[in-house]
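The values are calculated or read from the model by the stated rules, or taken from the named source; none is laboratory data. Since we're looking at a predicted model, the values are computed, not measured. Positions of Cβ are backbone-derived with ideal geometry, glycine not excepted, and every protein chain shown enters the neighbour counts.
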Amino acid sequence: MGAVKWILLICGGAVILVYTVWWYRTREEPVAGRALAAALRATALLLAWLILLNPGIPVAGQGARGEVALLDASLSMTRPGAPDGSTVWSAALDSVARFTRVWLFGGPTPHSVSTDSLPTTPLYPESRLAPALRAAASAGAVRGVVITDARLADATASLELARRQTFAFSVIRLGSSYPEAGIAQVTATPWAEVGDTAEVRVEVVAADLEGDSVSLEVVDEDGYVRAAGRAALPAAGRYMPLHLRFPVRGRAGYQRYTVRLSLGSPDLEARDDRRVFYIRVTERPAGPVLISLRPDWEPSFLLPVLDRLSDAPATAYLWIAEGLVGSDDYQAVPLSTVQRRVRGAPLLVLHGFDAEAPGWAQTLASGAERLLVVTAGARAFDLPGLGIRVGAPAQGEWYAASDVLPSPMALDLGGVAVEELSPLLRVRAVDARRTWRAVNLRRFRRGEPLPAIVAGSAGTRRWAVATAEGYWRWASRPGAGRQLYRALWTGVAGWLLEGRSDGAIGVEPRRRVVERGEPVRWRAPQRVDSLAVELSASDSGTVWRGVAAGGDSLATVAPPGRYRFIARAYRDGRVAASAEGPVEVEEFSRELLPASGTPSPELLAAEARVRAGRPSGGSRGLATLGWPYLILIALFCGEWAVRRVSGLR
């Protein structure tokens, strides 16, 4: 033990001795056997203190028997280990032949296997050593040999864990460096209209590669090159981005594209040279459109909620300096383009609408079949085409009331604690027929309430008016405020979209293309009872079926390939939403990307420091042995028996 542990042991032992003597001399009856009971208690407490300090205990015969192999079973081990094309994994299997037991590591759950039952391919999509070190030490191992390509994600954490567990290890590094490049990330436009220009951002990483650039191409499913460019080679450990643009053509639906990387010389690792992405192509806008006439914080919080309401993303425009700009790039957008998108959108949201709204905005409001208006201004006004009167704003601070109003959203809003929510400002009354309300507001928490949302219908049209300003304050605070904000706007917009097959929210994968080893996950609308998904491959039929209760996540890990899913969300025994489409699992994994320089240098420092701090010969931490706990139980039981015989309680 080190000097600090010796000091803690002596001080702790003195405290235990003083406490035990004091207790038995002042709190217990002076009967025969009292000294023996005190000795048993002091010994038990001292042993418990030793277990907490966990000193290293020499163990005879553990030098060879306590050594195990820890084999890196992550996907990076399938990379070529040398220019001849042989993989690191094949060399690793040869290295563990002399061991009887092997710990496979890489993910959160390591596996212990015998050398005659090793897998033919690695198991894990990541490289994490610490869980295997913990498991091997708990199983009684005192030393280990880590066989890896040294591309570890938790080398520093492994060092700290090995020092705490008094586990010494050496490292066998496999593989060698060679010139290579790979595509680290692809970010593409998720949705576009026919004729739009799609943009793709590609990030490239390289190692030991000569030259100044690499070639990149975007290829469609028919093999035609749609865009091409050259990306400068990045510095070691850096990513180099390249933006490619191409016009979207062809029929509506999901269009599949491949980004290809080409080198002047052969690339031994080709699985990171191709990345796939999909674009949903429609003949008209399919997502909600938000137009902010008085930009503030509200659109930045409201837009992500609207994004969940359709397979196509929501689009936002800001009215700035008598012109419209896109919220993503702040580039000017012609009014005709916005009008065309609004005409095909399933939902129009007008933020900051008031009596002074531009004429084009009033025209859009009068023609929208599904309309959500967030009010503003200091005067009363009429909503054109609906015969709805919105009153002048009332001054003061208005707080959400806890009473739940009868509405289509009552179940979602019930149970939300509203006592700590920030107040809203400038609340208005709405004069309209056949309406329902969501969330009451009271001025200074007293008096007659006014609604935060008023909604209704007029024939086939549906509308909703947000009567106050400052809803974003709820979303800016975690907890009840954010919960109410999301439930409120999701419920209102969901009600507005009911009955529209072109824009109603469906079931969709959270990511349409995932890396190898990552699960494919689906999301569904709120307020559904269950979600059922079927995954099929063109060459083998159905490969997976899954059912989850409402609110539970549904995911599966599939081998690399192209799949098609059919998903249905049920509410009250009926299909509330459904969808089908492509999903894909790539051959690519982040583990396959080039690594520059010496991979995971912390691992080598960890090995040196752990081995330097270990005494010669085998030893184990006291807390990892079984016999101290048996002695501890025997001592406490012995004290209890002596006290019973002596007549003590």
Residue count, region 293-304 (criterion: of a type in the set (Phe, Trp, Tyr) and assigned to a loop (DSSP other than H, G, I, E, B)): 1
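Kindly evaluate LEU46 against the criterion of being in the same structural domain as LEU152 (by TED's automatic domain parsing), out of contact with any Asp or Glu (no Cβ under 9 Å at 6 or more places or on another chain) and modelled with pLDDT of 90 or more. So that I can check it myself, show each step before the final result.
Numbers: in the same structural domain as LEU152 (by TED's automatic domain parsing): no; out of contact with any Asp or Glu (no Cβ under 9 Å at 6 or more places or on another chain): yes; modelled with pLDDT of 90 or more: yes.
Spelling it out, it is not the case that LEU46 is in the same structural domain as LEU152 (by TED's automatic domain parsing), out of contact with any Asp or Glu (no Cβ under 9 Å at 6 or more places or on another chain) and modelled with pLDDT of 90 or more.
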How many residues, within region 324-338, are touching a residue at least 12 places away in the same chain (Cβ under 8 Å) and surrounded by 14 or more Cβ atoms within 10 Å (Cβ to Cβ)? 4
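Which of the following residues is outside the structural domain of GLY344 (by TED's automatic domain parsing), assigned to a strand (DSSP E or B) and closer than 20 Å to GLY326 by Cα: PHE246, PHE277?
Values: PHE277 fails: closer than 20 Å to GLY326 by Cα.
Checking each option against the conditions leaves just PHE246.
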Quick one: in region 255-274, which of the residues that are hydroxyl-bearing (Ser, Thr, Tyr) and part of a strand (DSSP E or B) is surrounded by the most Cβ atoms within 10 Å (Cβ to Cβ)? TYR257
Determine which single condition TYR178 fails, assuming it passes every other condition in (1) under 28 Å from ARG238 (Cβ atoms); (2) assigned to a loop (DSSP other than H, G, I, E, B); (3) in contact with a helix residue (DSSP H, G or I) (Cβ under 8 Å, 6 or more places away or on another chain). (3)
Of all residues in region 344-369, count the ones that are touching a Gly at 6+ places or on another chain (Cβ under 8 Å) and under 16 Å from ARG461 (Cβ atoms). 6
Cβ-Cβ below 8 Å, separation at least six or inter-chain, first residue in region 527-540 and farther than 19 Å from ALA569 by Cβ, second of a type in the set (Phe, Trp, Tyr): which pairs? ALA537/TYR563
GLY494, sole failed condition from (1) surrounded by fewer than 18 Cβ atoms within 10 Å (Cβ to Cβ); (2) modelled with pLDDT under 85: (1)
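Of ALA162, ALA139, which residue is touching a residue at least 12 places away in the same chain (Cβ under 8 Å) and either buried (at least 17 other Cβ atoms within 10 Å of the Cβ) or assigned by TED's automatic domain parsing to the domain that holds ASP328 (or both)? Can you show your working first?
Values: ALA139 fails: either buried (at least 17 other Cβ atoms within 10 Å of the Cβ) or assigned by TED's automatic domain parsing to the domain that holds ASP328 (or both).
Matching residue, one of ALA162, ALA139: ALA162.
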Enumeration of residues in region 130-152 that are under 17 Å from THR624 (Cα atoms) and assigned to a strand (DSSP E or B): ARG143, GLY144
If the requirement is being assigned by TED's automatic domain parsing to the domain that holds LEU104 and at pLDDT 85 or above, which of these qualifies: ALA157, ALA207, ALA188? ALA157
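Looking at the structure I just gave you, is ALA452 surrounded by 14 or more Cβ atoms within 10 Å (Cβ to Cβ), under 38 Å from the mean Cα position of the chain (by Cα) and assigned by TED's automatic domain parsing to the domain that holds LEU350? Don't jump to the end; show me each part of the working.
Details: surrounded by 14 or more Cβ atoms within 10 Å (Cβ to Cβ): yes; under 38 Å from the mean Cα position of the chain (by Cα): yes; assigned by TED's automatic domain parsing to the domain that holds LEU350: yes.
Yes; evaluated as a whole, the condition is true for this residue.
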Within region 279-315, of all residues that are of a type in the set (Asp, Glu), modelled with pLDDT under 85 and surrounded by fewer than 19 Cβ atoms within 10 Å (Cβ to Cβ), the one nearest to GLY195 (Cα to Cα) is GLU283
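Only one of these is of a type in the set (Ser, Thr, Tyr) and free of Cβ contacts under 8 Å to residues at least 12 places away in the same chain: TYR224, TYR257, TYR239. Name it. Full working, then the answer.
Working: TYR257 fails: free of Cβ contacts under 8 Å to residues at least 12 places away in the same chain; TYR239 fails: free of Cβ contacts under 8 Å to residues at least 12 places away in the same chain.
Matching residue, one of TYR224, TYR257, TYR239: TYR224.
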Would you mind listing the strands (runs of 3 or more DSSP E) fully within region 305-397 where at least 3 residues are of a type in the set (Ser, Thr, Tyr) and in the same structural domain as ASP196 (by TED's automatic domain parsing)? none
Condition broken by ALA576, with the remaining ones in (1) closer than 30 Å to VAL543 by Cβ; (2) at pLDDT 90 or above satisfied: (2)
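Go through region 518-564 and report how many residues are at positive phi, out of contact with any Asp or Glu (no Cβ under 8 Å at 6 or more places or on another chain) and at pLDDT 90 or above.
Step one: filter region 518-564 for residues at positive phi, giving 527, 541, 551, 561.
If we keep only those that are out of contact with any Asp or Glu (no Cβ under 8 Å at 6 or more places or on another chain) too, we end up with 541, 551.
Pick out the ones that are also at pLDDT 90 or above and you get none.
So the answer is 0.
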